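Visitor: Please find one structure pasted underneath; my questions will follow.
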Amino acid sequence: MSAFWDVLWAVACVCGLAFIGWWLFGLLLRPLPGREARVVLPGRGDGEKLEQQVRSFLWLRGLGLLRCPIVIADAGLTPAGWALASRLTARWPEVVLWPAENLGEYVSRT
């Protein structure tokens, strides 16, 4: 009968340690508490990787790991890149297109 209680005690300890590990790992991945932070993606040229980057951050938002807005900083977009960035901002309201030289203005107004 003593072996039964030893096994039961060991299982309870393993479950307790697993819970503590899960809780601590959750603290690492906890979303940012407010909208003070911003994700700033530089938009250059035709914006070749822009849509992929925006989608990856939207995926994190969908998982609940990110709450801040996504800002595309226009740092020399061509007309094709500007059109792509405009389509992305029209499709997702949490994505904003802003000139790179005026990012301070964007941060101060929100």
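The values are calculated or read from the model by the stated rules, or taken from the named source; none is laboratory data. All of these numbers come straight from a predicted model, not from anything done at the bench. Please note: Cβ atoms are built from the backbone with ideal geometry, for glycine as well, and neighbour counts cover all protein chains shown. Side chains included, ligands, DNA and RNA excluded: accessible areas come from the protein's heavy atoms. Shrake-Rupley method; radii C 1.70, N 1.55, O 1.52, S 1.80 Å.
Visitor: Would you check if there is a residue in the stretch 49-71 being assigned to a strand (DSSP E or B) and either open to solvent by 30 Å² or more (accessible area, probe 1.4 Å) or not hydroxyl-bearing (Ser, Thr, Tyr) (or both)?
Guide: Restricting attention to the stretch 49-71, the residues satisfying the condition of being assigned to a strand (DSSP E or B) are 70-71.
Narrowing further to those that are either open to solvent by 30 Å² or more (accessible area, probe 1.4 Å) or not hydroxyl-bearing (Ser, Thr, Tyr) (or both): 70-71.
Yes, the stretch 49-71 has at least one match.
Visitor: Further question on the same structure: Being without any contact (Cβ under 8 Å) to a residue 40 or more places away in the chain and within 12 Å of the chain's Cα centre (by Cα) is true for just one of 50, 58, 88, 77. Which residue is that? Break it down stepwise before answering.
Guide: Values: 50 fails: within 12 Å of the chain's Cα centre (by Cα); 88 fails: within 12 Å of the chain's Cα centre (by Cα); 77 fails: within 12 Å of the chain's Cα centre (by Cα).
Among 50, 58, 88, 77, only 58 is without any contact (Cβ under 8 Å) to a residue 40 or more places away in the chain and within 12 Å of the chain's Cα centre (by Cα).
Visitor: Then there is this: Check residue 44 against each of (1) touching a residue at least 12 places away in the same chain (Cβ under 8 Å); (2) open to solvent by less than 80 Å² (accessible area, probe 1.4 Å) and name the one condition it does not meet.
Guide: Here residue 44 meets the rest and fails (2).
Visitor: Would you point out the residue of the stretch 72-110, among those that are among the aromatic types (Phe, Trp, Tyr) and outside any strand (DSSP E or B), that is farthest from residue 47 (Cα to Cα)? Reasoning before the result, please.
Guide: Filtering the stretch 72-110 down to residues among the aromatic types (Phe, Trp, Tyr) leaves 82, 92, 98, 106.
Within this subset, residues satisfying the condition of being outside any strand (DSSP E or B) are 82, 92, 106.
On the way: 82: 8, 92: 17, 106: 21 Å.
The selected residue is 106.
Visitor: Take the residues in the stretch 2-36 that are loosely packed, with under 13 Cβ neighbours inside 10 Å, not basic (Lys, Arg) and not in a helix (DSSP H, G or I); name whichever of them is nearest to the chain's Cα centre (by Cα).
Guide: We begin by selecting, within the stretch 2-36, every residue loosely packed, with under 13 Cβ neighbours inside 10 Å; these are 2-30, 32-36.
Keeping just the survivors that are not basic (Lys, Arg) gives 2-29, 32-34, 36.
In the following step, the residues that additionally are not in a helix (DSSP H, G or I) were identified as 32-34, 36.
Details: 32: 9, 33: 12, 34: 12, 36: 13 Å.
My answer is 32.
Visitor: Which residue pairs have Cβ atoms closer than 8 Å, lie 6 or more positions apart in sequence or on different chains, and pair a first residue in the stretch 91-110 that is in contact (Cβ under 8 Å) with a residue 40 or more places away in the chain with a second residue that is exposed (fewer than 13 other Cβ atoms within 10 Å of the Cβ) and not in a helix (DSSP H, G or I)?
Guide: From the stretch 91-110, the pairs are 110/35.
Visitor: Still on this structure, I have one more. Restricting attention to the stretch 72-83, which residues are open to solvent by less than 30 Å² (accessible area, probe 1.4 Å) and within 15 Å of residue 106 (Cα to Cα)?
Guide: Selection gives 72, 73.
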